[in-house]
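Asks: I'd like to ask you about the structure that follows.
We did not get these values from a lab; they are worked out from the coordinates using the rules stated. Given the structure is predicted, the values throughout are model-derived calculations rather than measurements. FYI the Cβ positions are ideal-geometry reconstructions off the backbone, even for glycines, and counts take in every protein chain you see.
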Amino acid sequence: MELPDFYDTVAADVLDYAGVGDGVWLDVGSGADGLGLAVAARCAGAVVLLDPNAEALSQAVAQAQLRGLAGRVVALVGTAENMPLHDESVDVLISRGSFYFWQDRAQGLREVYRVLRVGGKAMIGGGLGTRYPALARREFIRRRREAASAGGPEAARRFAEDRSPETFRRLAREAGLPSFEVIGEGGLSADDPNAGIGIWLRFEKEQANAQ
């Protein structure tokens with residue numbers, strides 16, 4: 001069974017949350033064909049793709065050209081923990097799927113807060129999007145859980161722990177975020193209607209005197 005693309009449904013959720021369609025967007029851990037390109041197709045803003053893999057970024061730029069998005073998509077080699085961007089230079093920061101692989105997730109979140117403009121929003125985590133078809137969602141989650149279990153009990157435990165609300169809240173507190181919210185439950189059963197939400201950390205950068 002070939003599953004439908006989930007980046008478009010996640011992009012719709014991101015745009016709903018951000019409430020804007022212009023400005024500067026940053027996709028951290030964008031990969032070769034990820035959420036950033038899906039957002040670029042839906043909004044009028046400039047989209048920066050950040051990833052440590054230069055080859056993946058080259059493929060992403062090629063995809064942007066094929067889709068007529070090249071004029072609004074820029075690629076940067078870098079990591080979440082050390083972004084080659086000025087302070088307060090980004091209006092919306094997004095990241096789907098890469099958070100679990102950041103070398104220092106608390107430091108990465110500090111960098112996210114640094115590059116966000118005041119009033120800018122971030123949405124970081126993983127999921128399929130609230131509009132993703134239910135049948136495809138169940139099959140996707142079944143395959144993902146099967147793959148995680150194949151690595152043994154410890155691998156399955158780490159997979160679930162990485163995607164738990166408690167882990168997300170702990171990392172946000174370690175990063176010193178003044179306010180944030182965690183939506184979704186991460187490790188829900190594939191039959192749960194909320195499973196497609198996944199797990200997301202969302203926050204808005206506040207005025208310095210409000211911290």
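Asks: Please build a GNM for the chain, connecting alpha carbons under 10 Å apart, and tell me which residue among LEU135, LEU69, LEU85 fluctuates the most.
Replies: It is LEU135.
Asks: Could I ask something else about it? At a 10 angstrom cut-off on C-beta neighbours, averaged per residue, how do the peptides 16-23, 59-66 rank from highest to lowest?
Replies: 59-66, 16-23
Asks: Just rank ILE141, ILE199, ILE124, fewest to most, by other beta-carbon atoms within 10 angstrom.
Replies: Final ranking by Cβ density, sparse to dense: ILE141, ILE199, ILE124.
Asks: Note down the relative contact order for the chain as a percent, whole number, built from C-alpha pairs under 8 angstrom at least six residues apart.
Replies: It comes to 19 percent, rounded to a whole number.
Asks: Let me ask something else. Per DSSP H run of at least 4 residues, take -39500 (n - 2.57); add these up for the chain, divide by its residues and hand me the 222 nm value, nearest 500 deg cm²/dmol. Walk me through the numbers before you get to the answer.
Replies: Working: 7 runs with 79 residues, N = 211.
So the calculated ellipticity at 222 nm is -11500 deg cm²/dmol.
Asks: Let me ask you something else. Here are some values of percent of Cα pairs over 27 Å apart: [x] 25; [y] 42; [z] 29. Which one was computed from this structure?
Replies: Looking at percent of Cα pairs over 27 Å apart for this model, the match is [z].
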